[in-house]
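The values are calculated or read from the model by the stated rules, or taken from the named source; none is laboratory data. Source: prediction; values computed, not measured. Here the Cβ positions follow ideal geometry from the backbone for every residue, glycine too, while neighbour counts run over all protein chains shown. Side chains are part of the model used for accessible areas, which takes the heavy atoms of the whole protein and leaves out ligands, DNA and RNA. Shrake-Rupley method; radii C 1.70, N 1.55, O 1.52, S 1.80 Å.
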Amino acid sequence: MTHPESTQPTSRLDPERVPRRDFLGLAALWSSLAAGFVALLGILRLPKAAVLPAPSRKFRVEVPESLAPGVPFEPAGRNVTLFRDQQGSVYAISKVCTHLGCIVRTDPAGFHCPCHGSNFDSLGEVLKGPAPAPLAWFAVQRASDGTWIVNEGQTVPQGTKEG
Amino acid sequence: MATAECRPALARFWANLKAVPALFRASAFRAGSPVSDRSRSSFVFGNVFLHLHSVRVHRWTLRWATTWGLGLITLAAFLIALLTGILLMFYYKPYPAVAYDSIKDIHFVVPTGRFIRNIHRWSANLMVVAVILHMARVFYTASYRRPREFNWVVGMVLLVLTLGLSFTGYLLPWDQLAYWAITIGANIAQSPREVTDALGLTAWFDLGGLQKLLLLGSDEVGEEALIRFYLLHVMILPIALLMLLAVHFWRIRKDGGLARPEDADGRLPAPARRLFPVFTQLPQKTYHLAALVRGRTPAMGPPENTLPSLPHLFYAEAGVLMLSVFICLLLALLSDAPLKELANPAVPENPAKAPWYFLGLQELVSHSAFMGGVGIPALVMIGLGLIPFLDREERGTGDWFGGPGGASLVVRATAFGLGACILLEAFTIRFGWLRQWWPEVPQLAITVANPGTLLALAYAWYSLWVMRRFDSTRAGALALFTCFLCGFVVLTVIGYHFRGPNWDFYWSPSQWPGH
């Protein structure tokens with residue numbers, strides 16, 4: 001069987017079904033584009049830091065024995081509020097708003113965010129505003145010398161108390 | 001000639017030396033003085049800075065009411081900010097320990113430093129205002145239509161870059177505004193977690209965390225974050241903006257200059273008698289050009305209603321540039337750029353307010369971080385970007401409020417846009433939202449249904465309704481864009497004036513409780 005195309009002499013200007021020159025050219029073009037894309041990913045690897053410089057997330061604090069239940073105690077320089085409950089157990093609640101990271105204000109009734117108006121109760125539950133989640137609770141541990149070690153790197157379920 | 005050649009070399013040297021100024025001028029401006037129509041044209045297209053313009057410009061383009069010079073004001077404000085920004089870089093040090101002090105030095109010690117910083121700040125503000133008004137002008141004169149759809153999209157990217165430059169700019173002084181704006185901005189970048197958390201995907205696909213890490217270079221706001229925002233502000237964003245500006249201007253030329261009504265020639269009054277002669281004679285056909293350029297070349301069409309760019313267009317442009325400089329200088333003399341207290345990572349300001357152009361966004365994120373900061377802005381950008389591809393009509397191009405419905409539709413859309421936004425906000429301020437009614441409501445429900453998303457839905461519904469009623473996509477677009485502007489204004493005013501400590505509602509800042 002003779003193919004209609006094979007009966008006529010083809011020239012370079014006639015359209016081929018699979019133009020070989022175009023195939024090679026397109027393959028080269030797409031490979032260089034792919035190479036460029038991979039190179040872009042490699043370039044973006046640099047600004048994605050591997051080591052995050054940050055101070056230690058653990059700190060040691062003395063919580064006064066006389067601290068009344070439910071009264072906030074705020075260690076200087078840390079965005080954490082410490083409380084004692086009726087039994088004298090200690091718990092730590094983060095002051096970083098779960099909405100957009102502002103530092104909430106503490107009073108005995110709860111926490112208030114100045115940036116977008118989120119309100120939390122004294123256990124960190126959301127009462128009002130845009131915060132999507134309750135305030136985080138951090139792990140606390142009693143050291144042998146009677147001070148308390150708060151670990152801001154370790155969140156614990158709400159209601160976890162120590163001592 | 002022969003005699004000159006015969007003269008001794010020293011005499012020729014002396015004669016050439018005396019002629020240097022004239023020879024230099026002739027070499028720099030090879031077309032000679034722009035005295036005739038033809039030499040003016042050569043002057044324009046022979047000059048690298050001027051040849052961005054066409055040699056002749058339609059008289060419709062030169063009417064003030066065509067553009068009000070808004071695009072040019074934006075460009076002028078950018079150039080002023082570029083120049084003053086380079087000057088500020090002499091003294092600014094992008095490091096947390098010294099950044100604040102270097103700004104204080106610029107304000108109090110550096111000669112003219114305070115003035116230059118004020119100009120920088122005001123030119124940035126002018127740029128934001130002008131670029132929004134420029135966008136509104138292009139929209140309301142239906143100038144985004146074919147073949148200018150692509151330039152509309154480029155313009156929207158330029159708007160985003162302008163806002164990005166403003167945002168990264170006010171972070172650099174490392175005062176309270178800067179620190180908390182970086183914190184909030186980085187957490188908005190992280191806010192896709194609001195969705196991935198709700199869907200339980202964060203462990204596998206943490207887009208929000210990646211964005212925050214790339215922005216801050218750390219998990220806390222500190223020196224890494226400041227140097228990154230500095231790099232964005234002085235290098236990455238300006239280069240991106242300049243490249244896209246080149247595309248924007250290039251496309252104005254290639255898309256046939258500014259849009260004008262089809263019957264513009266008939267509507268223009270006769271040119272003033274002392275005006276330079278208008279092209280009325282059909283010039284000889286340029287067959288060489290016709291072979292190279294597709295379509296009708298200017299030389300092949302009917303007589304045109306054009307004027308030489310030099311002087312008509314350039315004088316108008318120089319006027320707008322001078323006006324922009326005047327506005328910036330005047331505001332810089334009258335009002336100082338703000339500088340708050342040194343950044344304090346333990347205590348945010350109360351209220352912590354962004355500059356005015358972001359207060360609408362701040363009001364939206366006070367309903368939902370993800371929707372207000374990422375979702376709705378992305379929806380708005382997609383909606384506005386689609387307009388030129390959906391509106392394929394031709395009626396009203398080049399006319400203010402052109403198209404079905406016209407100015408009366410814009411008035412009604414304004415009423416709807418203002419009313420819907422004010423009602424929703426008033427309802428939320430008075431009665432609260434889902435979380436206050438049912439504290440157990442899942443976060444995803446608030447992300448999907450909050451005042452911001454409902455407002456966007458109301459606007460979309462209204463513009464679809466208008467589209468059906470007028471049987472015209474242009475009418476729908478007029479309604480949508482007008483609503484967008486109204487929402488922007490209302491939210492900005494609420495954020496600026498009616499929000500006080502703890503982002504609570506107050507009728508006036510004078511009622512804020514004292515601290």
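For this structure, a couple of remarks:
- From B:Met135, B:Met89, residue being crowded, with 19+ Cβ neighbours inside 10 Å, touching a residue at least 12 places away in the same chain (Cβ under 8 Å) and over 23 Å from B:Phe314 (Cβ atoms): B:Met135
Every residue, every condition in (1) out of contact with any helix residue (DSSP H, G or I) (no Cβ under 6 Å at 6 or more places or on another chain); (2) surrounded by fewer than 22 Cβ atoms within 10 Å (Cβ to Cβ), yes or no:
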| site | (1), (2) |
| --- | --- |
| B:Leu323 | yes, yes |
| B:Cys328 | no, no |
| B:Leu333 | yes, yes |
| B:Leu342 | no, yes |
| B:Pro345 | yes, yes |
| B:Trp356 | no, yes |
| B:Leu364 | no, no |
| B:Gly373 | no, no |
| B:Ile376 | no, no |
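- Breaking point among (1) more than 12 Å from chain B (Cβ to nearest Cβ); (2) in a loop (DSSP other than H, G, I, E, B), for A:His99: (1)
- Checked against (1) out of contact with any strand residue (DSSP E or B) (no Cβ under 9 Å at 6 or more places or on another chain); (2) touching a residue at least 24 places away in the same chain (Cβ under 8 Å); (3) hydrophobic (A, V, I, L, M, F, W, C), B:Ala264 passes all but a single condition, namely (1).
Matching residues to (1) modelled with pLDDT of 85 or more; (2) under 21 Å from B:Gly209 (Cα atoms):
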residue: A:Leu67; (1), (2): no, no
residue: A:Ala76; (1), (2): no, no
residue: A:Leu100; (1), (2): yes, yes
residue: A:Cys113; (1), (2): yes, no
residue: A:Ser118; (1), (2): yes, no
residue: A:Ser122; (1), (2): yes, no
residue: A:Gln141; (1), (2): yes, no
residue: A:Trp148; (1), (2): yes, no
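- Tallying residues that are under 13 Å from B:His134 (Cα atoms) and of a type in the set (A, V, I, L, M, F, W, C) within region B:155-169 yields 3.
- A residue that is farther than 19 Å from B:Asp504 by Cα and surrounded by 13 or more Cβ atoms within 10 Å (Cβ to Cβ) occurs somewhere in region A:95-110.
- Verdict on A:Pro4 being modelled with pLDDT under 75, more than 14 Å from chain B (Cβ to nearest Cβ) and loosely packed, with under 10 Cβ neighbours inside 10 Å: yes
- Just so you know, in region B:174-228 the residues that are more than 13 Å from A:Leu100 (Cβ to Cβ) and charged (D, E, K, R) include one that is modelled with the highest pLDDT, and it is B:Arg228.
- Of all the criteria given as (1) without any contact (Cβ under 8 Å) to a residue 24 or more places away in the chain; (2) β-branched (Val, Ile, Thr); (3) open to solvent by 20 Å² or more (accessible area, probe 1.4 Å), the one not satisfied by B:Ile106 is (3).
Yes or no, residue by residue, for (1) in contact with a strand residue (DSSP E or B) (Cβ under 7 Å, 6 or more places away or on another chain); (2) within 30 Å of B:Leu390 (Cβ to Cβ); (3) not in a loop (DSSP other than H, G, I, E, B):
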position	(1), (2), (3)
B:Ile106	no, no, yes
B:Val128	no, yes, yes
B:Ile132	no, yes, yes
B:Ala142	no, yes, no
B:Val157	no, yes, yes
B:Thr196	no, no, yes
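- Among the residues of region A:110-128, the ones that are closer than 14 Å to B:His367 by Cβ, assigned to a strand (DSSP E or B) and either more than 7 Å from chain B (Cβ to nearest Cβ) or within 22 Å of the chain's Cα centre (by Cα) (or both) come to 1 in all.
- Residue match in region B:174-189 (condition: free of Cβ contacts under 8 Å to residues at least 24 places away in the same chain and either touching a helix residue (DSSP H, G or I) at 6+ places or on another chain (Cβ under 6 Å) or open to solvent by less than 70 Å² (accessible area, probe 1.4 Å) (or both)): no
The rows are residues; the columns are (1) farther than 22 Å from A:Pro130 by Cβ; (2) among the hydroxyl-bearing types (Ser, Thr, Tyr); (3) within 13 Å of another protein chain (Cβ to nearest Cβ).
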| residue | (1), (2), (3) |
| --- | --- |
| B:Ile446 | no, no, yes |
| B:Asn450 | no, no, yes |
| B:Ser463 | yes, yes, no |
| B:Leu480 | yes, no, no |
| B:Cys486 | yes, no, no |
| B:Trp507 | yes, no, no |
| B:Trp512 | no, no, yes |
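- Residue check for B:Ala22: surrounded by fewer than 14 Cβ atoms within 10 Å (Cβ to Cβ), assigned to a helix (DSSP H, G or I) and in contact (Cβ under 8 Å) with a residue 60 or more places away in the chain: no
- Only a single item in (1) touching a Lys or Arg at 6+ places or on another chain (Cβ under 8 Å); (2) within 14 Å of chain B (Cβ to nearest Cβ) is not met by A:Asp107, and it is number (1).
- Entry remark, region B:192-216: residues being open to solvent by 70 Å² or more (accessible area, probe 1.4 Å), acidic (Asp, Glu) and more than 9 Å from chain A (Cβ to nearest Cβ) number 0 in total.
- Scanning region A:49-94 for residues that are among the charged types (D, E, K, R), away from chain B (no Cβ under 14 Å) and in a loop (DSSP other than H, G, I, E, B) returns A:Glu62, A:Glu65, A:Asp85.
- Scope region B:217-249; condition aliphatic (A, V, I, L, M), within 14 Å of chain A (Cβ to nearest Cβ) and either surrounded by fewer than 20 Cβ atoms within 10 Å (Cβ to Cβ) or touching a Cys at 6+ places or on another chain (Cβ under 6 Å) (or both); matching residues: B:Ile227, B:Leu231, B:Leu232, B:Met235, B:Ile236
- Selected residue (only one of B:Gly417, B:Gly452, B:Gly405 is buried (at least 19 other Cβ atoms within 10 Å of the Cβ) and at positive phi): B:Gly405
- Residues that are among the aromatic types (Phe, Trp, Tyr), open to solvent by 40 Å² or more (accessible area, probe 1.4 Å) and closer than 29 Å to B:Thr162 by Cβ, drawn from region B:41-72: B:Phe49, B:Trp64, B:Trp68
- Within region B:226-261, being under 30 Å from A:Ala54 (Cα atoms) and in contact (Cβ under 8 Å) with a residue 12 or more places away in the chain holds for B:Leu226, B:Ile227, B:Arg228, B:Phe229, B:Tyr230, B:Leu232, B:His233, B:Val234, B:Leu237.
- The residues of region A:129-157 that are within 14 Å of another protein chain (Cβ to nearest Cβ) and either surrounded by fewer than 16 Cβ atoms within 10 Å (Cβ to Cβ) or in a loop (DSSP other than H, G, I, E, B) (or both), listed by number, are A:Gly129, A:Pro130, A:Ala131, A:Pro132, A:Ala133, A:Pro134, A:Ala136, A:Gly153, A:Thr155.
- Count of residues meeting criterion [in contact (Cβ under 8 Å) with a residue 12 or more places away in the chain and over 28 Å from the mean Cα position of the chain (by Cα)] in region B:208-225: 4
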